[in-house]
Amino acid sequence: MIEGVSWVGVATERVAEMENFCAAVLGLNRRVKRQDFVVFDAPNGDRLEIFGPAGPQPRYQFEMNPVVVGFQVQKIDVARTRLAAAGIELLGDLERGSTGSAWQHFRAPDGRVYELNQAGG
């Protein structure tokens with residue numbers, strides 16, 4: 001489902017739920033799993049790292065900035081259906097740009113808002 005993200009780090013208290021979501025729902029490949037730290041790779045080599053409270057992140061890394069991540073997909077309608085079927089809350093309407101691009105916000109199991117992105121033509 002997901003084509004890629006360049007790199008995203010997400011700090012969360014709910015590591016196990018996010019790990020399952022990333023693997024089972026988004027279809028990302030689990031590369032590394034340690035206590036409070038999981039690394040996923042997308043098919044194009046882009047990376048997503050999930051950091052729990054005892055993960056290897058420096059203290060300052062997530063101090064100030066909430067993170068919103070856009071996940072690139074080829075067919076946003078298919079991706080939206082898959083998220084909804086997995087019980088993921090879709091936020092707002094599917095938005096479409098004038099060049100065929102599209103985006104849909106959703107709330108993941110960690111309570112944060114993420115986004116699906118489909119490139120325009």
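When we screen Val38, Val15, Val5 for residues that are at pLDDT below 95, surrounded by 13 or more Cβ atoms within 10 Å (Cβ to Cβ) and not basic (Lys, Arg), the only hit is Val5. For region 1-23, taking the residues that are in a strand (DSSP E or B) and not hydrophobic (A, V, I, L, M, F, W, C), the one that is farthest from Leu116 (Cα to Cα) is identified as Gly9.
Restricting attention to region 24-51, the residues being of a type in the set (A, V, I, L, M), under 14 Å from Val10 (Cβ atoms) and outside any loop (DSSP other than H, G, I, E, B) number 4.
Go through the residues of region 58-68 one by one and say whether even a single one is modelled with pLDDT under 90, surrounded by 12 or more Cβ atoms within 10 Å (Cβ to Cβ) and more than 11 Å from the chain's Cα centre (by Cα). Checked against the condition, which is being modelled with pLDDT under 90, surrounded by 12 or more Cβ atoms within 10 Å (Cβ to Cβ) and more than 11 Å from the chain's Cα centre (by Cα), region 58-68 yields at least one hit.
Name the single residue, out of those in region 81-121 being basic (Lys, Arg) and in a strand (DSSP E or B), that is farthest from Val8 (Cα to Cα). Per the criteria, the residue is Arg96. Every condition in (1) over 19 Å from Asn117 (Cα atoms); (2) without any contact (Cβ under 8 Å) to a residue 40 or more places away in the chain holds for Leu28 except the one numbered (1). Is it fair to say Asp77 is modelled with pLDDT of 95 or more, among the acidic types (Asp, Glu) and within 19 Å of Met1 (Cα to Cα)? It is true that Asp77 is modelled with pLDDT of 95 or more, among the acidic types (Asp, Glu) and within 19 Å of Met1 (Cα to Cα). Taking region 72-103 as the range and being touching a Lys or Arg at 6+ places or on another chain (Cβ under 6 Å) and under 9 Å from Gln118 (Cβ atoms) as the test, only Ala102 passes. In region 24-33, the qualifying residues are those that are surrounded by 15 or more Cβ atoms within 10 Å (Cβ to Cβ) and not β-branched (Val, Ile, Thr), and the one that is farthest from Gln57 (Cα to Cα) is Leu26.
Considering each of Ala84, Ala119 in turn, give the residue that is over 27 Å from Arg34 (Cβ atoms) and in contact (Cβ under 8 Å) with a residue 24 or more places away in the chain. Answer to the selection: Ala119. For Leu91, the conditions (1) surrounded by 15 or more Cβ atoms within 10 Å (Cβ to Cβ); (2) touching a His at 6+ places or on another chain (Cβ under 8 Å) are fulfilled apart from (1).
The values are calculated or read from the model by the stated rules, or taken from the named source; none is laboratory data. Predicted, not measured: the structure shown is a model, and the values here were computed from it. Cβ sites come from the backbone with ideal geometry, for glycine too, and all protein chains shown count toward neighbours.
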